[in-house]
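Shown next, in structure tokens, is the structure this report addresses.
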Amino acid sequence: MATKLPLPTRKNIKEYEPKLKEHLDKFGQAIGGTWTFDCDFAAVYEAVAEDDKPRIGEVVYNMYMGALTENVCRLAQDEMVKEAIEEAAPNKKIVFMLGPVADDAYEKTHDINFNDDNLNIVVPPQSFWINTHKVGEYIEKRL
């Protein structure tokens, strides 16, 4: 049975939806096209530390997506990087998920991959909300 998120957590997710839209719009302007976002918040809620549960909307929509957008916008000034991202993620979809990261991932706190033709942000549950500002900074080594 799916986890029903508590009201404070649902309100936090709702509160940060405008930030997600802002980041997706900016991301699309930098890379091209309209990008979408997916996150299984129930899975995130079940896996993260108790203190983080009420703020998962803020952390996912604003911290992770904000850093990804900022770093990709900077890197996409190079046309080759922009084209490589477009080719690696033809679905134009960003997916936030919890899971193991590659051995060479940034301090093993998060990673980017392009599995299933999406741009995936992968975070080990124990590293949720750690080094969020670095997400996407090393995306070139994944292209």
Sort out for me the helices (runs of 4 or more DSSP H) sitting completely within the stretch 1-57 that have 2 or more residues that are within 30 Å of Glu83 (Cβ to Cβ).
17-31
Given the conditions (1) part of a loop (DSSP other than H, G, I, E, B); (2) open to solvent by 70 Å² or more (accessible area, probe 1.4 Å); (3) touching a helix residue (DSSP H, G or I) at 6+ places or on another chain (Cβ under 9 Å), which single one is not true for Asp103?
(3)
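So, in the stretch 108-124, exactly how many residues are over 20 Å from Asp52 (Cα atoms), in contact (Cβ under 8 Å) with a residue 24 or more places away in the chain and not aromatic (Phe, Trp, Tyr)? Give the derivation first.
First, pick out the residues of the stretch 108-124 that are over 20 Å from Asp52 (Cα atoms): 112-120.
From the residues that got through so far, the ones that are in contact (Cβ under 8 Å) with a residue 24 or more places away in the chain too are 112-114, 116-120.
Now restrict to residues that are not aromatic (Phe, Trp, Tyr): 112-113, 116-120.
Summing the residues that are over 20 Å from Asp52 (Cα atoms), in contact (Cβ under 8 Å) with a residue 24 or more places away in the chain and not aromatic (Phe, Trp, Tyr) in the stretch 108-124 gives 7.
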Top-ranked residue of the stretch 1-36 - restricted to ones that are without any contact (Cβ under 8 Å) to a residue 12 or more places away in the chain and among the acidic types (Asp, Glu), ranked as most open to solvent (accessible area, probe 1.4 Å)
Glu22
Within the stretch 72-105, count every residue that is farther than 13 Å from Gly32 by Cβ and touching a residue at least 60 places away in the same chain (Cβ under 8 Å).
2
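The values are calculated or read from the model by the stated rules, or taken from the named source; none is laboratory data. This structure is a prediction, so every number in the text was calculated from the model and none was measured. So basically every Cβ, Gly included, is an ideal-geometry build from the backbone, and we count neighbours across all protein chains shown. The accessibility values were calculated without ligands, DNA or RNA, using every heavy atom of the protein model including side chains. Shrake-Rupley method; radii C 1.70, N 1.55, O 1.52, S 1.80 Å.
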